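Asker: I'd like to ask some things about the structure below.
The values are calculated or read from the model by the stated rules, or taken from the named source; none is laboratory data. Everything numeric in this text was worked out from a predicted model, so none of it was measured. Counting neighbours? That spans all protein chains shown, and the Cβs are built from the backbone with ideal geometry, glycine included. Surface accessibility is based on the protein's heavy atoms, side chains included, excluding ligands, DNA and RNA. Shrake-Rupley method; radii C 1.70, N 1.55, O 1.52, S 1.80 Å.
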Amino acid sequence: PKPWQMLYLYTVLYVTAFGAAGIRPCVSSFGADQFDERSRDYKAHLDRFFNFFYLSVTTGAIIAFTMVVHIQMKYGWGSAFGSLAIGMGFSNVVFFIGTPLYRHRLPGGSPLTRVAQVLVAAFRKRNVPFSSSDLIGLYEVPGKGSAIKGSGKIEHTDDFRCLDKAALQVNEDGTDPSPWRLCTVTQVEEVKILLKLLPVSACTVMLSVVLTEFLTLSIQQAYTLNTHIGHLKLPVTCMPVFPGLSIFLILALYYYTFAPLSRHITGHPQGASQLQRVGLGLAVSILSVAWAGVFERYRRNYAIEHGYQALFLTPMPNLSAYWLLIQYCLIGIAEVFCIVGLLEFLYQEAPDAMRSVGSAYAAVAGGLGCFVATILNNIVKSTTGNEAEGHPSWLSQNINSGRFDYFYWLLAVLSVCNFSAFLFFAKRYKYR
């Protein structure tokens, strides 16, 4: 490719990423906004919405790994990308047709500006003591409503006391203070809530790391295995469809299997709280990478014993690729409980006028997982081998010479450490 062609490709890929960044945090929050908080069944409807929302996302992934792969293999990349553009255009038409039917929350202004105002005001008054003689009190607007459109008042809490200084009203503030010098209690509490949500979201980055590694490493494993189902040979690039299928089945059966069973055990109306579901998902992800390590050890030994060590792109006819389904199904279960629980948790716990920011935490955690996976791969490659001296790394291109099993177990150890951190933060967290 010519330099201008690569520049064009990278440009459109980043434009796509920019569009996804706008859609992902907003679409789940906007969908949840359609339900009336005063309804008796509000929480049950919200729980079902997030499950069906993720079900639709999974359906899209299944189509991507089957129909779009088929179009790409038969008609080329241009037709595959074109089909996606047509699908996205159709979805836009459907979305805008529904505009008159949607419930719209009043926009409360830029949430990032309000966060910046709190930080600046708190820094300016960092030397003002809480017992100052000039102190009038903690500033809040009179009446039932808050100064932020689309948000109710939030009661003062004692967490992050240093931020309270942004709401300290002193005589020199005057009657019409600048929001960069004096913020309301509600505005300060918004920032406190966002800070409290950070640790829980950060603990889901490790799940994204595992998902990212599975989508690449398991493909390399599948190239060495038999992907036939009877007389039908499944393309290796379709293997990631199986986590999507497991997610689809779990979400479809969720209200007939897990919810009633766990409701009897926990007594919780939805079967389990949001944080319990996130924790369950993280625990299952540990099992998925541990099993992946066990199977990879067996697969590698089998390849060496049967003379396939150098033939790392040659499928072994007597070892089925469908052993990978166990790790795929486990990571699918983990994703259902963790991601769906996290989306619902962030929506309900985020401040009223910052719910899209709360949902963005989940998207950011997913993106960070991809970066962390890349960094981890580079560290492992540089520390576990030296290709120049003939010592392959754990992630060697020749999978039969590398040690993917060691790498999977490393992921399992990191996941256990991450799960321990999650338990610490989840136990300390107090629901609003």
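Asker: When you scan the range 196-284 for helices (runs of 4 or more DSSP H) that lie fully inside it, which ones turn up with 3 or more residues that are in contact (Cβ under 8 Å) with a residue 40 or more places away in the chain and either among the basic types (Lys, Arg) or farther than 24 Å from PHE53 by Cα (or both)? Reasoning before the result, please.
Answerer: Details: elements: 205-223, 241-253, 258-266.
It comes to 205-223.
Asker: Evaluate the following for GLY385: is it in contact (Cβ under 8 Å) with a residue 24 or more places away in the chain and in the same structural domain as GLU305 (by the TED database)? Show your work before the answer.
Answerer: Values: in contact (Cβ under 8 Å) with a residue 24 or more places away in the chain: no; in the same structural domain as GLU305 (by the TED database): yes.
Spelling it out, it is not the case that GLY385 is in contact (Cβ under 8 Å) with a residue 24 or more places away in the chain and in the same structural domain as GLU305 (by the TED database).
Asker: Looking for whichever is surrounded by 13 or more Cβ atoms within 10 Å (Cβ to Cβ), under 21 Å from the mean Cα position of the chain (by Cα) and free of Cβ contacts under 8 Å to residues at least 60 places away in the same chain here; the options are PHE371, PHE424, PHE419. Which one fits? Break it down stepwise before answering.
Answerer: On the way: PHE424 fails: surrounded by 13 or more Cβ atoms within 10 Å (Cβ to Cβ); PHE419 fails: free of Cβ contacts under 8 Å to residues at least 60 places away in the same chain.
The match here is PHE371.
Asker: Continuing with the same structure: For the range 34-71, which residues satisfy the criterion of being in a helix (DSSP H, G or I) and either of a type in the set (Ser, Thr, Tyr) or over 23 Å from the mean Cα position of the chain (by Cα) (or both)?
Answerer: Correct list: TYR42, TYR54, SER56, THR58, THR59, THR66, MET67, VAL68, VAL69, HIS70, ILE71.
Asker: Quick one: SER110 ticks every box in (1) open to solvent by 50 Å² or more (accessible area, probe 1.4 Å); (2) farther than 21 Å from LEU182 by Cβ; (3) modelled with pLDDT under 90; (4) not basic (Lys, Arg) except a single one, so which number is it?
Answerer: SER110 satisfies every listed condition except (2).
Asker: Looking only at the range 261-277, decide whether some residue is modelled with pLDDT of 80 or more, open to solvent by 40 Å² or more (accessible area, probe 1.4 Å) and either closer than 27 Å to SER320 by Cα or of a type outside the set (Val, Ile, Thr) (or both).
Answerer: yes
Asker: Applying the selection to the range 318-354, what residues are over 18 Å from ARG48 (Cα atoms), part of a helix (DSSP H, G or I) and either without any contact (Cβ under 8 Å) to a residue 40 or more places away in the chain or open to solvent by 10 Å² or more (accessible area, probe 1.4 Å) (or both)?
Answerer: TYR322, TRP323, LEU325, ILE326, CYS329, LEU330, ASP352, ALA353
Asker: Being under 28 Å from LEU311 (Cβ atoms) and either crowded, with 17+ Cβ neighbours inside 10 Å or modelled with pLDDT of 90 or more (or both): is that true of THR212 here?
Answerer: Details: under 28 Å from LEU311 (Cβ atoms): yes; either crowded, with 17+ Cβ neighbours inside 10 Å or modelled with pLDDT of 90 or more (or both): yes.
Yes.
Asker: Across the range 289-317, what is the number of residues that are outside any loop (DSSP other than H, G, I, E, B) and small (Gly, Ala, Ser)?
Answerer: Here the count works out to 4.
This table checks each residue for (1) surrounded by 15 or more Cβ atoms within 10 Å (Cβ to Cβ); (2) touching a residue at least 12 places away in the same chain (Cβ under 8 Å).
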| residue | (1), (2) |
| --- | --- |
| ALA85 | no, no |
| VAL120 | yes, yes |
| PHE123 | no, no |
| VAL141 | no, yes |
| LYS144 | no, no |
| LYS149 | no, yes |
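Asker: Pick from LEU368, LEU423, LEU414: which is more than 30 Å from ASP158 (Cβ to Cβ), modelled with pLDDT of 95 or more and either of a type in the set (Ser, Thr, Tyr) or part of a helix (DSSP H, G or I) (or both)?
Answerer: Among LEU368, LEU423, LEU414, only LEU414 is more than 30 Å from ASP158 (Cβ to Cβ), modelled with pLDDT of 95 or more and either of a type in the set (Ser, Thr, Tyr) or part of a helix (DSSP H, G or I) (or both).
Asker: Any residue in the range 159-170 that is in contact (Cβ under 8 Å) with a residue 12 or more places away in the chain sitting within a Cβ distance under 6 Å of a residue that is among the polar types (S, T, N, Q) and open to solvent by 70 Å² or more (accessible area, probe 1.4 Å)? List the pairs, counting only those 6 or more apart or interchain.
Answerer: From residues that are in contact (Cβ under 8 Å) with a residue 12 or more places away in the chain, there are no pairs.
Asker: Scan the range 121-155 for residues that are aliphatic (A, V, I, L, M) and closer than 15 Å to GLU189 by Cα and jot them down. Spell out the reasoning first.
Answerer: We begin by selecting, within the range 121-155, every residue aliphatic (A, V, I, L, M); these are 121-122, 128, 135-136, 138, 141, 147-148, 154.
If the condition is that a residue be aliphatic (A, V, I, L, M) and closer than 15 Å to GLU189 by Cα, then ALA121, ALA122, LEU138, VAL141, ALA147, ILE148, ILE154 are the ones that fit.
Asker: Just to verify a result, which residue in the range 280-297, among those that are among the small types (Gly, Ala, Ser) and over 22 Å from ALA222 (Cβ atoms), is least open to solvent (accessible area, probe 1.4 Å)? Walk me through how you get there before you give the answer.
Answerer: Initially, the range 280-297 is screened for residues among the small types (Gly, Ala, Ser), giving 281, 283, 285, 288, 290, 292-293.
Subset that is over 22 Å from ALA222 (Cβ atoms): 281, 283.
Numbers: GLY281: 0, ALA283: 35 Å².
Applying the filter and picking the extreme gives GLY281.
Yes/no per residue for (1) of a type in the set (Asp, Glu); (2) surrounded by 11 or more Cβ atoms within 10 Å (Cβ to Cβ); (3) in contact with a Pro (Cβ under 6 Å, 6 or more places away or on another chain):
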| site | (1), (2), (3) |
| --- | --- |
| ASP134 | yes, yes, no |
| THR175 | no, no, no |
| LYS196 | no, yes, no |
| SER201 | no, yes, no |
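Asker: If you take the residues of the range 217-243 that are more than 24 Å from GLY60 (Cα to Cα) and modelled with pLDDT under 75, which of them is least open to solvent (accessible area, probe 1.4 Å)? It would help to see each step written out before you state the result.
Answerer: To start, the set of residues in the range 217-243 that are more than 24 Å from GLY60 (Cα to Cα) comprises 221, 223-226, 228, 230-231.
Narrowing the set further to residues that are modelled with pLDDT under 75 leaves 230-231.
Details: GLY230: 69, HIS231: 194 Å².
Applying the filter and picking the extreme gives GLY230.
Asker: Also: So which residues in the range 310-334 are more than 24 Å from LEU232 (Cβ to Cβ) and either of a type in the set (Lys, Arg) or in contact with a helix residue (DSSP H, G or I) (Cβ under 6 Å, 6 or more places away or on another chain) (or both)?
Answerer: Result: LEU330, ILE331, ILE333, ALA334.
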